[in-house]
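J.: Pasting in a structure now, in structure tokens, and then I'll have a few things to ask.
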Amino acid sequence: MKTFRTSNCFLVSAVLALGAALHVQATTINWGTYFSVSSYLYDSSGAAITDDFVFELGSFGTSFTPTVSNIGQWQSNWKVFDRASAPLGNGFDSATGTVAASAVLETDFTTDNTSLSQLNTFAEGEHAYIWVYKDSFGNVSPSPSFAPGFQWALVTNNAGDGTAADDWLFPQPSGHVASTLEWRIEDATFSPFGGLNDSQYAGDFSSTPGAFVLQTHTAPVPEPSSALLLACTGLGILLRRRSRR
């Protein structure tokens with residue numbers, strides 16, 4: 001009888017565990033642009049964005065908000081959830097200005113895109129952004145760069161439009177009601193840097209397209225921080241002392 005009770009408890013535990021596993025639900029995030037017949041993606045000169053541009057969906061975490069004043073810290077805080085690049089098979093078709101990408105937020109809060117770091121997690125409520133930049137390295141190891149003449153645009157959908165329900169916030173994948181989210185550049189409402197939906201924000205540009213969904217802008221390379229300048233000064237003094245010996 002004791003054996004039966006033990007087995008019965010084990011069966012109940014197994015059923016509960018199975019129920020919990022079925023309740024856990026990953027979330028698919030489709031992102032990019034709506035399908036288009038002509039390009040509405042431009043660089044700062046007003047030319048259509050070409051194959052050497054990369055699109056990334058990601059987050060800066062919960063404690064960092066990107067602004068023009070802290071633009072030098074964007075890269076160190078950025079976590080990539082998914083990436084799209086040319087050719088079309090990689091998610092970006094420059095001929096039509098279409099970006100069509102998709103990734104799954106796994107139940108452990110990581111991306112299912114295994115080409116990206118699995119150490120990055122995306123907690124519930126983290127704000128998502130789409131970062132578009134010109135890749136100087138031919139998409140081999142793409143990364144935003146402060147090289148002279150760099151081209152960037154950063155966009156998101158936040159509560160600034162008065163509708164918090166459609167904000168781009170990473171969900172809780174466990175038991176999330178909707179299994180699919182749609183985040184499109186055309187639906188973005190805010191750009192800390194660049195041009196978005198016929199409006200130009202921070203950054204430099206030399207041309208204004210008649211109509212555009214997104215326009216990358218350029219900006220001066222950030223000045224070295226005071227700490228870095230002090231470190232360089234100290235290193236110079238040390239080297240001079242050694243040369244005198």
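Every number in this text was worked out from the coordinates using simple rules, so none of it is lab data. In this text, all values refer to a predicted model and were calculated from it rather than measured experimentally. Using ideal geometry, Cβ is built from the backbone for each residue, glycine included, and neighbour counts are taken over all protein chains shown.
J.: Quick check for you: which residues of region 114-137 have the amide N under 18 Å from the point 7 Å beyond the Cα of Asn90 toward its beta carbon?
T.: Correct set: 114-117, 131-137.
J.: If I stretch the segment between Asp51 and Leu119 completely, what's the gain in nm (0.36 nm per residue apart, minus their alpha carbon distance), one decimal?
T.: Additional length available on full extension: 21.6 nm.
J.: Provide the net charge surrounding Tyr133, with neighbours chosen by a C-beta distance below 13 Å and charges set as Lys +1, Arg +1, Asp -1, Glu -1.
T.: -2
J.: Thinking of region 47-148 as a set of Cα atoms, what percent of all their pairs are more than 16 Å apart?
T.: Percentage above 16 Å: 59.
J.: Something else about it: If each residue of separation counts as 0.36 nm, what is the full-extension length gain between Ser143 and Asp112 once their alpha-carbon separation is subtracted?
T.: 9.2 nm
J.: Between Ala164 and Ser63, 0.36 nm times their residue separation minus their Cα-Cα distance comes to what?
T.: The Ala164-Ser63 span can extend by a further 34.4 nm.
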